[in-house]
Amino acid sequence: MSTPILEIKDLKKYFPISGGAFGKSKGAVKAVDGVDITVMPGETVGLVGESGCGKTTVGRTVMKLYEPTSGQIFFDGEEITNLRGRAMKPIRSKMQMIFQDPYSSLNPRHTVGRIISSSFEIHGINPVGGTKIAVQELLERVGLNPEHINRFPHEFSGGQRQRIGIARALALRPKLIVADEPVSALDVSIQAQVVNLLDDLQQEFGLSYLFVAHDLSVVQHIADRVVAMYLGKVMEEAPTAQLFAHPRHPYTKALLSAVPIPDPRVERSRERIILKGDLTSPANPPAGCVFSTRCWKATDLCHQVAPLPLELTPGHRVACHFPE
Amino acid sequence: MRRIVQSFEESKGMAMLKYVSRRIAISIIILVLISATVFIIFNYLPFDPARLSCGKHCTPEIIAGNRHRLGLDVNWWVQWWRFLEGIFAGRNYGEGAALIHCGAPAFGYSFTQHECVTTLLGQALPVTVSLAIGAFIMWLVLGVTLGVISARFRNTWIDRLSTVFVLVGTSLPTFISGLLLLLFIVLKFNLISPLDLGTWHSPLTDPWGWFSSYFWPWLSLALIYAATYTRFTRSNVIETSSEDFIRTARAKGVSERKVLWKHTLRPALAPILTIAGLDFAGLLGGAIITEQIFQLPGLGRLTLQAVLQDYDLPIIVATTTLAAAFVVIANLVVDLAYALLDPRIRIS
Amino acid sequence: MSNLLDVKGLNVTFPTVDGEVRASVDLNFELNRGETLAIVGESGSGKSVSSLAIMGLHNRAQTLISGEVILHGSKGSTELISASEETVRGLRGKEMAMIFQDPMSSLHPYYSIGAQISEAWAIHNDGSKRDGMKRAIQMLDLVEIPSAAKRAHEFPHQFSGGMRQRAMIAMALVNNPSLLIADEPTTALDVTVQAQVLQLLQNMQKEFNMGVILITHDLGVVAEFADRVNVMYAGKIVETAGVEDLYYRSMHPYTIGLLRSIPRVDQIDNHRLDAIKGAPPSLINLPIACSFAPRCEYSSLVPGGLCNQSQPELEQKEAEHFARCFLPAERIAEVRS
């Protein structure tokens, strides 16, 4: 068994809610509340869920953009939970992030060349053959014209900007890429191009992805394993094929059945579960199972006792008292 | 059902009350801190009022005597405490036959003008308030109206004309526009007699005299502010009209007139309220230049005299604290008014 | 001719300093009561622009609109493009209503939900404020907002995303319109909430017997909801057909490409996605050619480089099935399979 590239153990991230005359804390939003995730080398783990489920916070905490409240994060076997500043720097070069909105994550005043080469500068790396050649190679690798090295972000289309973001992330030859909704802002015909690019890069560089997304169809395509979150907790985790074919947590089941399928006959003939009510606020999670307020199977037990994740079949963990 | 609605309304009222009392408490704390800051600052300035008030034939003894008389022979925090005490309890200066009493609220005693500062403030304040209120109303009406009109008729000649006004207004400093008004209009056409400049006409007994003596100072102040407000109103109205909820209003079939008056102006003008409140409070602290040009004996002139002539510390402390107090109070009022306007702030 | 809406030769053009942006070109379609027409396309395809033109919501001074839009309302037919602003305003919110993508920014932050719905009612009806509020609460109840009488007095920021869109729907339907335009109504919503709102829209459509124009980029939503589909690309309709024909017998390379490029939750796949190469063209000064030709896999099948020289018309490929492509129907069927 090889060492996981990323291992998250019982991760918690609470954001204090401040209020009152002197900004004293009035409680906390439990954005992430005890999450375990493992990513193996070369693997893509999809992290799915709806807004407020904490998936983005997990991604950012892994990148140490947020300090975790408690729990442990291991990168390639080394604990990085409490690493800061200079100690974190060598890790950062091996762990990169791609963002949802490619435009706002690129400095509009810098040329593409400068944006990508800044990664080299920050980490004091002199690429073989010079920075410019390296940047041009990267541009070419992500499907952009290397001659556009002196253009500015606004001169590119949405899909091209996302490619720039990918090139920047790739510059330091990372082992892990945390991709936060990397294709959600893109048009349908462009999404497939970027998904394919991510696939190719994984093959070529042996990358691992933590792929955070709300779009289940994209995750189905790209992920090897899927973790479904709801209100800061993991509801279900399984190999992709298993999770999509046989979801065992009522939430995952409802989530999957809510995704419209682009096939009229299939779409109109299938049974769908329509959940009652809206997403609960993570500032005020229900007692017991966090999903119990919207679950059609919930009993008194669910309202009182939070279920622990159980491995029902190898690799298939479900946090539910009454799995399907 | 009705009961639910009622209790809901009540809890909303309670929340509002809590918010208001919290804001008032914070404002009081800030005022106390400001007055302390003023004392600290003046304590460390390289001036010695005791020395300045001493005159030509000065001996160390006289200076020490002056220092004691002025209450400057103790630490700044004792001075500060006495100042606070005086506001609530009144204060005595000097001893024996020379004892002078200033009743509460006492802000100190000016030894150069031989007058309780409160009395001086009482004379200056009506002048400054008159100046500020009139100018405020004038620039608000002028600025907002012009702004709305030029937003409504964007890119027409009306809009361009108002842009010229904005450019001229914002680039002319008060001392130029004020002087120009004074020299070329007021004095040339005898609109105010130069002898009458600075005479106080009470708005209660002589409203026309009050109005005519303040009209030109108002105008000179208002022109500059109005230009800024025109620009700000115009851009706010234009920005708000491109909001999605304006499109929704049109999709409902709301008439263009109502789209402007009901849907656009309220959110567009709310931020202007904030700035207007603070600008008004700033003016209440004294419009030094305008008061000087039109020889109005307001707070601005009082302060300027106190600084220029004899470094009259009690007056400076009082006017500075007062000016700060106006800003703090305006802030409070503006925030409360904003909460009334914008439900997102009201309930949260 | 249809019994609700006829759009004939609709053009929407925005003059800019760089040239004319032809956002929507020669649009022709019709819609019947009780029917759902989906308009599918990517950003810049002209799908929203054309519906705003139907509603008369473009700034007339900055937009060139030509063509005919005839609305057969409950009080006779009106041609909307040439009609006076006043006439169109009387129909907006009454005969035709619209809901938008982002319900948060589409609701006025300063007025209560009830007041906003009641305003929509009061514009087109005589009645007191109290009547309006009553009607608003009734509508909120209809769109399944719990304790509607209480929540009518709340403000948009106190509602969740799904409830805001329900409130928007209540507002749009308050005058019982015959046409509803839904512009990406569920795009900003979470998927479980999207399912609720789509179901609600379907129920409301049945209840009010409305014609619905559903503007979306989501081919899943179209498959669930639409009767007929217009696919738009670079300002033009490139294919129009009944929903099953469109999905199972696509006649335009763009439609074929789109359907192939999207992964599905019900089919586990590991192969590469069939992406359409390239990106949509800029709408300024489009050359006279098929706009999709530079991205089309099949343009080489058309003899003589025709695709890059002239513009294909929207031609009938099968019964009730039109596509803007030079390839004959049999050839498309071949390459499709």
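The values are calculated or read from the model by the stated rules, or taken from the named source; none is laboratory data. All values reported here derive from a predicted model rather than from experimental measurement. Backbone-built Cβ (ideal geometry, glycine too); neighbour counts: all protein chains shown. Just the protein is used for accessible areas: all its heavy atoms, side chains included, with ligands, DNA and RNA removed. Shrake-Rupley method; radii C 1.70, N 1.55, O 1.52, S 1.80 Å.
Being under 20 Å from residue A:53 (Cβ atoms), more than 9 Å from every other protein chain (Cβ to nearest Cβ) and β-branched (Val, Ile, Thr) holds for only one residue in A:293, A:313, and it is A:293. Residues that are within 7 Å of another protein chain (Cβ to nearest Cβ) and either within 30 Å of residue A:314 (Cβ to Cβ) or surrounded by fewer than 21 Cβ atoms within 10 Å (Cβ to Cβ) (or both) within segment A:248-261 comprise A:254, A:255, A:256, A:258, A:259, A:261, listed in sequence order. The test for being surrounded by fewer than 20 Cβ atoms within 10 Å (Cβ to Cβ), part of a loop (DSSP other than H, G, I, E, B) and either more than 23 Å from the chain's Cα centre (by Cα) or not assigned by TED's automatic domain parsing to the domain that holds residue C:209 (or both) does not hold for residue C:157.
For residues that are open to solvent by less than 10 Å² (accessible area, probe 1.4 Å) and part of a helix (DSSP H, G or I), scanning just segment A:198-215, find the one that is nearest to the other protein chains (Cβ to nearest Cβ). Among those that are open to solvent by less than 10 Å² (accessible area, probe 1.4 Å) and part of a helix (DSSP H, G or I), it is A:198. When segment C:268-286 is filtered for residues that are loosely packed, with under 12 Cβ neighbours inside 10 Å and more than 30 Å from residue A:198 (Cα to Cα), only C:285 remains. Restricting attention to segment A:68-89, the residues that are touching a residue at least 24 places away in the same chain (Cβ under 8 Å), open to solvent by 30 Å² or more (accessible area, probe 1.4 Å) and not in a strand (DSSP E or B) add up to 4.
Can you tell me which residue is nearest to residue C:51 (Cα to Cα) among those in segment C:96-138 that are without any contact (Cβ under 8 Å) to a residue 40 or more places away in the chain, among the hydrophobic types (A, V, I, L, M, F, W, C) and within 11 Å of chain B (Cβ to nearest Cβ)? Restricting to residues being without any contact (Cβ under 8 Å) to a residue 40 or more places away in the chain, among the hydrophobic types (A, V, I, L, M, F, W, C) and within 11 Å of chain B (Cβ to nearest Cβ), the top hit is C:123.
The listed residues are B:128, B:199, B:163, and the only one of them that is in the same structural domain as residue B:303 (by TED's automatic domain parsing) and either touching a residue at least 40 places away in the same chain (Cβ under 8 Å) or closer than 30 Å to residue B:92 by Cα (or both) turns out to be B:128. Looking at the structure I just gave you, is residue B:233 in a helix (DSSP H, G or I), farther than 16 Å from residue B:295 by Cβ and either hydrophobic (A, V, I, L, M, F, W, C) or in contact with a Ser or Thr (Cβ under 7 Å, 6 or more places away or on another chain) (or both)? Spelling it out, it is not the case that residue B:233 is in a helix (DSSP H, G or I), farther than 16 Å from residue B:295 by Cβ and either hydrophobic (A, V, I, L, M, F, W, C) or in contact with a Ser or Thr (Cβ under 7 Å, 6 or more places away or on another chain) (or both).
The listed residues are A:195, A:226, A:183, and the only one of them that is within 14 Å of another protein chain (Cβ to nearest Cβ), assigned to a loop (DSSP other than H, G, I, E, B) and open to solvent by less than 20 Å² (accessible area, probe 1.4 Å) turns out to be A:183. Scanning segment A:154-169 for residues that are within 16 Å of residue A:207 (Cβ to Cβ) and in contact with a Leu (Cβ under 6 Å, 6 or more places away or on another chain) turns up A:163, A:167. For residue B:318, are the conditions met, namely being surrounded by 21 or more Cβ atoms within 10 Å (Cβ to Cβ) and away from every other protein chain (no Cβ under 14 Å)? Taking the combined requirement at face value, the residue satisfies it.
Scanning segment B:243-269 for residues that are open to solvent by 40 Å² or more (accessible area, probe 1.4 Å), facing chain C (nearest Cβ under 10 Å) and not basic (Lys, Arg) yields B:243, B:244, B:256. Meeting the requirement of 3 or more residues that are within 19 Å of residue C:185 (Cβ to Cβ) and under 26 Å from the mean Cα position of the chain (by Cα), the helices (runs of 4 or more DSSP H) wholly within segment C:66-154 are C:103-106, C:113-124, C:129-142.
So for segment C:208-218 (the condition being out of contact with any strand residue (DSSP E or B) (no Cβ under 9 Å at 6 or more places or on another chain), assigned by TED's automatic domain parsing to the domain that holds residue C:134 and open to solvent by 10 Å² or more (accessible area, probe 1.4 Å)), does at least one residue qualify? Yes; the residues of segment C:208-218 include at least one that is out of contact with any strand residue (DSSP E or B) (no Cβ under 9 Å at 6 or more places or on another chain), assigned by TED's automatic domain parsing to the domain that holds residue C:134 and open to solvent by 10 Å² or more (accessible area, probe 1.4 Å).
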